[in-house]
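The values are calculated or read from the model by the stated rules, or taken from the named source; none is laboratory data. Since we're looking at a predicted model, the values are computed, not measured. Cβ sites come from the backbone with ideal geometry, for glycine too, and all protein chains shown count toward neighbours.
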Amino acid sequence: MLLEPIGRTIYVLRLSIGLKLPAVTGQAEGNAARIAVLGAGSWGATLARVLALAGKDVRLWTHQESKARVLQETRHIDKPLKMDLPQSILVSSDLEKCLKDRDLILFVCTSQSMRTVAEQVKTQLKSLTAVKAGRASQAKSELPVLLSAAKGLELESFSRMSQILEEVMPEFPVAALSGPNLALEILKGLPTASVIACKSDSVAKYAQTALTIPTLRMYSNTDIIGVELGGSFKNVIAIAAGGLDGMSLGTNAKAALITRGLAEMTRMATSLGARANTMAGLAGLGDLMATCSSELSRNYRLGKMIARGSSPEDAIAELGAVAEGVNTASALCQMAAKMKIELPIAMQVEAALKGDLSPQKAIMNLMTRPLVSE
């Protein structure tokens, strides 16, 4: 254990002076995994680029034919940063071509489009994969692992992303990726850690090995409920954090918000069957801290814009990208009402997003709630 901090320090020093990093060692099967990244937005393009640069076999899919053609020809991306796209990456709008012979399929779409994309993938995999009963839980299988890298809840069903994938394609192993993974920092090669969760420990470890690279360390977890809820709920708290900073309410207020936000996340997650200690990990506290303190977070920026006078509609339009916390706040509050669970911060965020009250009034409502024990 004492060697780990030393190793990390050497790694960062080598990274800062531009030395070539060694490949990460691990299971041969995981390292050799052939990967399809579905979604060429900021997060999808980032994952495709850094994985390809680490020697992974990567294909990148976008539903927009014109975008695929431009990316394939110009070999550069514009968001979250202008960067070259490795020549080894096949970019296409042909889903069948991107899925053929893949071992790991990363769904990097929005939460509200997950079901649509999953249905399209199901249609293609029927003709590409020979499904054999009883193989879905095995790490090494003829079936590719379906891995969600989206953080959110489906509005109509309140389903987590892995639940959608399991519902659409029940015969396939399903996992989820979460943690403090701000795309711009990862694209720059800054070191970070994330977590991959699956009900099957062997599948989680297979995906962990497949996706670990020198700048992105993966951990495994079997609490997929907690990992996904942490990654979803933290976006709601991040909107509130942006609001606090937009109103210049100080460090004390923000520390209190993050602490009580974590309590809400834990309360909701455990009520749905998650483990409490998952909320103290990368997908809970780790992601919460990163998202509540960075201008790179869309949800944080959204909250700040609203606090500084923009209407929720104008702020969302100005953001120019999906802030998953908006739909997640609505879904969580509806779930909480049915389950009779108190989520005071989420409720105030939802009310502010609907324009029912001002950020200032939302803060006052939280500060004047009945006194309770911590």
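Structure data summary
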read-out: Qualifying residue in the stretch 332-343 (condition: buried (at least 23 other Cβ atoms within 10 Å of the Cβ), over 26 Å from the mean Cα position of the chain (by Cα) and touching a residue at least 24 places away in the same chain (Cβ under 8 Å)); value: no
read-out: Subset tally (residues that are closer than 18 Å to Thr209 by Cα and among the small types (Gly, Ala, Ser)) for the stretch 43-68; value: 4
read-out: From Ala133, Ala150, Ala118, residue being assigned to a loop (DSSP other than H, G, I, E, B) and either in contact with a Cys (Cβ under 8 Å, 6 or more places away or on another chain) or at pLDDT 95 or above (or both); value: Ala150
read-out: The stretch 54-85, subset closer than 15 Å to Glu185 by Cβ and over 18 Å from the mean Cα position of the chain (by Cα), residue modelled with the highest pLDDT; value: Met83
read-out: Flag for Ser93 being farther than 24 Å from Ser178 by Cβ and touching a Phe, Trp or Tyr at 6+ places or on another chain (Cβ under 8 Å); value: yes
read-out: Of residues in the stretch 19-40 being at pLDDT 95 or above and either in a loop (DSSP other than H, G, I, E, B) or over 19 Å from the mean Cα position of the chain (by Cα) (or both), the one farthest from Asp103 (Cα to Cα); value: Ala40
read-out: Restricting the stretch 298-322 to residues that are small (Gly, Ala, Ser) and either part of a helix (DSSP H, G or I) or under 17 Å from Ala351 (Cα atoms) (or both), the residue that is farthest from the chain's Cα centre (by Cα); value: Gly309
read-out: Cβ pairs under 9 Å, 6+ apart, first in the stretch 86-103 and assigned by TED's automatic domain parsing to the domain that holds Leu128, second among the polar types (S, T, N, Q) and surrounded by 21 or more Cβ atoms within 10 Å (Cβ to Cβ); value: Val91/Thr62; Ser92/Thr62; Ser93/Thr62
read-out: Identity of the residue in the stretch 323-374, among the β-branched types (Val, Ile, Thr) and in a loop (DSSP other than H, G, I, E, B), that ends up modelled with the lowest pLDDT; value: Val372
read-out: Yes/no for Glu295 being surrounded by fewer than 16 Cβ atoms within 10 Å (Cβ to Cβ) and either part of a helix (DSSP H, G or I) or of a type in the set (Val, Ile, Thr) (or both); value: no
read-out: Residue list for the stretch 196-237, filter: aliphatic (A, V, I, L, M) and under 22 Å from Leu272 (Cα atoms); value: Ile196, Ala197, Ala204, Ile224, Ile225, Val227, Leu229, Val236, Ile237
